[in-house]
Each structure stands twice: as C-alpha cells, then as structure tokens.
Number of protein chains: 2
Amino acid sequence: MTTSDDPTAKKPVEFPATAPPADAENQKTTVGVSSILQRWKREDFLKRGSLALRGLALLFSLLSFIIMASNKHGDWKNFDKYEEYRYCLAIAILSTFYTGGQALRQVHEFSTGKHLFSQRTSAMLEFFGDQIVAYLLMSAASAAVPLTNRMREGSDNIFTDSSASAIGMAFLAFITLALSAMISGFKLSNQRYI
Amino acid sequence: MTTSDDPTAKKPVEFPATAPPADAENQKTTVGVSSILQRWKREDFLKRGSLALRGLALLFSLLSFIIMASNKHGDWKNFDKYEEYRYCLAIAILSTFYTGGQALRQVHEFSTGKHLFSQRTSAMLEFFGDQIVAYLLMSAASAAVPLTNRMREGSDNIFTDSSASAIGMAFLAFITLALSAMISGFKLSNQRYI
C-alpha cells in the first residue's frame, strides 16, 4: 500500500514505449496457453479414442472366441478337427486377454489418475502389443478363410456359417487394433518431446 | 567510441556476477549445435536403414514372386490350381512393385537431393504403404501355409518344397516391411515438429 503511494513506483507505467512489449508478451502468453489447451484437448481425444478402439477390439475378439469355441456339431463338424480353426481360436483368446488387460489398465488410469507403468514404458507396451496382436489376428483370419471357402462349396450349414462369423469377428478385431496401433505409435513418438 | 570512454558505460563489465551467464550461454550454444548434429546423424541413419530394409523387402518379394510363378510341374502340381497360391503370387507381385518404386524414389532422392513429393506426403505414403503391404504379405503367407502343410503330409516333392520356400520369402518380406513401417511411422511423427 505504501509503494502504490510512492511516485517512483509508477515510473514504468508512465513510459508509453514499454507498453507494446507488454502487449506482445501478453499475446505470446495467450498463444502459449491456447496451444497447451489444444494439446491437452488432442491428448484427451487420443486417450478416449484409444480406449474406445480397445473396447471394440475386446468385444470383437471375445465374440470370435465364443463363436469359435462353441462351434461343435458332432462328427466332422467340430472346430478342433482343423488346425486353422484351432489357430484362430488360440489367437482370439490371446487377443481377448491382451485387449481386456489394456482396457482395464486404461480405465484404472482414467478413474484413479495413477499410472501403473511409466508413460514411456506403457506407450512402448501399447504400440508393440497392438502391432503384434494385429498381425496375429490378420494371420489367423487369413489362414482360416480358404478352408471355410472350400467347405462352403460342398455344403452350407451351421458349422461353416459359425466359422465364417468367427473369422469375420477376428477380422473386425484386427481392424480396430490396427487403428489403435496407429494411435499408440503417435503417442510413443510424442513421448520423446515431453 | 565516446561511449566506451564513458566510465558509466563500463558498469556491467565490472560486475563479476555477469560472467557465469555468458559461460552458460556458450555452453547452451554448444549443446544446441551438438544436439542438431546428433539429430542429423540420427536422420541419416534412419534414411539409410529404411533404404536397406526396402532393398531387402524388394529382394524377398521378388524371390517369392519368381519361385511361386515358376512352380509348375504338370497335373495337380501347378500353383494356379490353388487359390491360396494365386493369392500369394498376386501379393508378391504387388509387394515387388511397391518396394521397387519406393526404393527407386529413395535412391533418386539420395543421388539428386530433389524430392518428388513434399516431405509430409512422402512420409504419409511410406507409412501407410508399408503398413498395408506388410499386412497383405502376412495374410498371403498365412493363407498358403495350411494347404502346404496338408500336401506335405501326403508326399514331399519339388512342388511342395517350392511352395514352402515362396511362402518363407513372403514371410521374410513381411518382417522387413514391418520394421520399415516402424521407421516410417517415426519419420511421420517427426514431421509435425519441423
């Protein structure tokens, strides 16, 4: 209060030459704040997008797993007589556990704000995990397609239909995980600049 | 010259407290230069690595293409009787053209220093191209494996051996392209910060 009454304290205000730099500084701060806000928004969007994609991938892998595992109709119509279908089931189970684990971790981080791993480790795990599981799903779906095609040439029944839908679900899971891998790659590359 | 004789002008030099900031400034400049040099080295390494990987992918796809296309031994031992092998051949041809085109473009850029596309466009083309062709190669190799396995249970002859080696080459091409896709993803994400 005493300094405000002091006439010398008002000196900087009396120079009009100092006003423009102050404005520029203000503008700079505004630009900086808005770019940080934009970045936060983008990161939030990426987080939500990656969680949504993982959720979808979990749903599709689980469906593929259940449809393939329940595909037993006696005699030659058992999925476990064919190595392609057994491979498809194995990868669907792996993908279910992987996406389930990642989705749980992300929901846990959302709700508590705590991180299980360091940001860099979790970004690496996400990127390589997504990429590898996407390749495996693509491989499993591709391996099972020709056998199903050949069976359907002979007869179209509940066994071939279930196999086809399990393969379709594995393919959808592949697409969502491939997109998710792209987002995790973007996150991973951003880590280097924080 | 008149100001240097002015004793008041020498005031800042007389303060020893100003010396450390000058040193710090120097150090900062050195750190900045070395970090730029490091970045250049890293970018050069990435460029060479990506060209080498593309060259390997070209070699493997070409081998897969040639081995599969020459796999005709009469009767049931013709590759074009089986859709899996036709698919594998188609993807090997696609991958040969794609990796050949990319390698040519990179060699052209290396030798002339000119860029055919803007840096951003070429980074996008590389990343999505590598990723998509890698998925296709994985899919083609996986689709052709079960048929070959089943044939080999019956008899092991030159037809099944050639098919197996063509599939192996497609798989090696997949691995090199998957690594190359990682490098292009890194390049793409760096584009945003230049």
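No lab work stands behind these numbers, since they all come straight from the coordinates. Nothing here was measured: the structure is a model prediction, and the numbers come from that model. Here Cβ is always computed from backbone atoms with ideal geometry, including for glycine, and neighbour counts include all displayed protein chains.
Listing for the model above:
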read-out	value
Among B:150-161, A:110-121, the order from most to least packed when residues are scored by Cβ within 10 Å on average	B:150-161, A:110-121
Cα-Cα over 32 Å, subset of A:LYS47/A:LYS81; B:LYS47/B:LYS81; A:LYS187/B:LYS41; A:LYS41/B:LYS41; A:LYS77/B:LYS77; A:LYS47/B:LYS187	A:LYS47/A:LYS81; B:LYS47/B:LYS81; A:LYS41/B:LYS41
Within the range A:74-93: backbone nitrogen closer than 19 Å to the B:ARG152 label point (7 Å, Cα to C-beta)	A:82-88
Loop-resident sites, the range A:29-85, for chymotrypsin sites (Phe, Trp or Tyr not before Pro), counting at most 14 other Cβ within 10 Å (DSSP)	A:TRP76
Paired Rg and Dmax values of the range B:92-179, which use every Cα atom, in angstrom	17.0, 56
